[in-house]
Amino acid sequence: MIALSAYRQPDMLNEALEILSSGDFAPIAGGTDLIPQLRCGQQRKLLDISRLGLSFIKKDDNFIEIGAACTHSRLSSDDLIKEKLPLLFRATGLVGSWQIRNRGTVGGNIINASPCADSVPALLNYDAELVLLSQKGRRAVKLNEFTLGPYKTQIKPDELLYSIRCKKQSTPSGCSYLKLGRRQAVNISRMTLAATIAKDKNDVITNATIAGGSIFPAPSRMPEIEKMLNRQKVSYELFEDAANLAADLMIKESGVRWSTPYKKPVLIGLVQRALCEASGINAS
């Protein structure tokens, strides 16, 4: 049984922000995370944002802006996303099942703040910025600063996630998105890796980005690895060193747990494979 004490479905953004200003309502779009919580007895007042026009995809000279209510299926079938944000295109195509992709939204994936959120590592590679609205105004927050820990973010009770802004890539780069799970469908990630590598004509890395999910308490970029890779010539040995560093960082951040003997070699293998794939060299 769903525990629901109030439900509002405004047609205008200003009306939605007025309702949120009470601090009592939780926005809902697809509901793929929120509805199961309600079924567990968490009583909530819901603000349905499906009529607010937040499922847009826009571009300008520097950014691609994605409305918070864009579904995973929309993003995984959009030509602009495929061309300009290929990591996000791949990540959203691997979320759950097709039913979940048709309902779940990228904004909900971010706000829920699960360590295994599929879209977040991809967005982190693009230096994504979140646009938050309230009656007090608008503020922008970097995605890498937004998530404070598992299921914790810095959004305020009166704020609504309006959109996600991603920088267009200044130089062409290869990319890789890898997801590890126990099955092929309705699959909660055990670990995800997203990476991009741009290199010059001499195979020297000019810019590398890498982020992971279910590795640290929150999806995170790995600046130590990026620093190791930049200005180095592409090689399997370099990527092997980077993978071992990733494992060390995981243990340093999360400590040794019962799952470490499993996760450490898996992470090493995923990092090697992702970097090889992004740089275009044979992983074997």
Checklist entry - Can you find even one residue in region 130-149 that is part of a strand (DSSP E or B), touching a residue at least 60 places away in the same chain (Cβ under 8 Å) and touching a helix residue (DSSP H, G or I) at 6+ places or on another chain (Cβ under 7 Å)? => result yes
Checklist entry - Which is surrounded by 15 or more Cβ atoms within 10 Å (Cβ to Cβ), closer than 20 Å to Tyr162 by Cβ and of a type outside the set (A, V, I, L, M, F, W, C), of Asp60, Asp11, Asp48? => result Asp48
Checklist entry - Which ones in region 105-122 are assigned to a helix (DSSP H, G or I), over 15 Å from Leu85 (Cβ atoms), in contact with a strand residue (DSSP E or B) (Cβ under 7 Å, 6 or more places away or on another chain) and not aliphatic (A, V, I, L, M)? => result Gly107
Checklist outcome for this item: Of the residues in region 210-231, those that are surrounded by fewer than 16 Cβ atoms within 10 Å (Cβ to Cβ) and either farther than 24 Å from Glu145 by Cα or touching a residue at least 40 places away in the same chain (Cβ under 8 Å) (or both) number 2
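Filter region 52-70 for residues that are assigned to a loop (DSSP other than H, G, I, E, B) and small (Gly, Ala, Ser); which is farthest from Asn102 (Cα to Cα)? Full working, then the answer.
Looking only at region 52-70, we keep the residues that are assigned to a loop (DSSP other than H, G, I, E, B), and these are 52-56, 60-62, 68-70.
Remaining after also requiring small (Gly, Ala, Ser): 53, 55, 68-69.
On the way: Gly53: 16, Ser55: 12, Ala68: 14, Ala69: 11 Å.
For region 52-70, the residue satisfying everything is Gly53.
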Item to check | Output for region 259-284, where each listed residue is on the phi < 0 side of the Ramachandran plot and outside any helix (DSSP H, G or I) | outcome: Ser259, Ile281, Asn282, Ala283, Ser284
Next on the checklist: Can you pull out every residue in region 112-138 that is within 15 Å of Tyr151 (Cα to Cα) and surrounded by fewer than 24 Cβ atoms within 10 Å (Cβ to Cβ)?
Outcome noted: Asn112, Ala113, Ser114, Pro115, Cys116
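Bear in mind these aren't lab numbers, they're just calculated from the coordinates by the rules spelled out. From a predicted model like this one, the values you see are computed outputs, not experimental measurements. FYI the Cβ positions are ideal-geometry reconstructions off the backbone, even for glycines, and counts take in every protein chain you see.
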